[in-house]
Amino acid sequence: MTRTLCHAMATTALAALLTGCGPSGEKRADAPVADNMAEAEVPTNLQMPAPEPTVEGKSIIRPEAEVSEPTPPPLEPIETVVQFPKGIALDDEAKAALDKLLTEPAFQAGGAIRLGGHSDSKGSDADNLRASRRRAEAVRDYLVDKGVGEDRITVIALGENRPVVPNAHPDGTDDEAGRARNRRVEIAVALPEPQPTPSPEPTAN
């Protein structure tokens, strides 16, 4: 190859190299990139992750957590008291207490109801026994009027025999507040008895 031809080829290569540079020698953004350089800069073994398989828009690899309903607390027997501040009739406060009782799940379960009537000590034993029964019957009648089956209810008259506080002060004078607390009906609601599982009838061979 002649010297002139080599000089011409070198000049052409230098011109092509300078075409990709700016005035200061920096590489121009619009300069062409050799194919072998592009291939060298991009890894050939790079693989994108495969899409996660789904069924109707839900992942079958990570199943969605199921939200379970909270378990209701177990039923417990009920014991409560209805007061009779005056006489043997239900007042508004007593009726409100009975209305609340009617909404209790343990009451609505259908168990037996025991109504224990009590009185203060003022009067004769016979009068107090009758008064305690009439208080318990007043509660029973109210519950029955609200739709409770009368066969669930048992009325017990206890008179003045089980006071919760003294009926008199230490000096022997009447304690009207104490007497009012003793005029009451104690309500006990049991849970329904579990029904026995019927035994399977024997099959004829």
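Structure above, values below:
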{"quantity": "Translational diffusion coefficient (Stokes-Einstein; Kirkwood radius from C-alpha pairs) of the range 93-205 at 25 °C, 0.890 mPa s, in µm²/s", "calculated": "151 µm²/s"}
{"quantity": "By average C-beta atoms within 10 angstrom, highest first, the peptides 166-172, 125-131", "calculated": "125-131, 166-172"}
{"quantity": "Length-normalised contact order of the range 121-161 in % [C-alpha pairs under 8 Å, at least 6 apart]", "calculated": "57 percent"}
{"quantity": "Per residue, in Å², the accessible surface of the range 129-183 once ligands and nucleic acids are set aside, probe 1.4 Å", "calculated": "60 Å²"}
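The values are calculated or read from the model by the stated rules, or taken from the named source; none is laboratory data. Bear in mind the structure is a predicted one, so any value in this text is a computation, not a measurement. Positions of Cβ are generated from backbone atoms using ideal geometry, with glycine treated the same way; all protein chains shown enter the neighbour counts. To get the accessible areas, we keep the full protein, side chains included, count just its heavy atoms, and leave off ligands, DNA and RNA. Shrake-Rupley method; radii C 1.70, N 1.55, O 1.52, S 1.80 Å.
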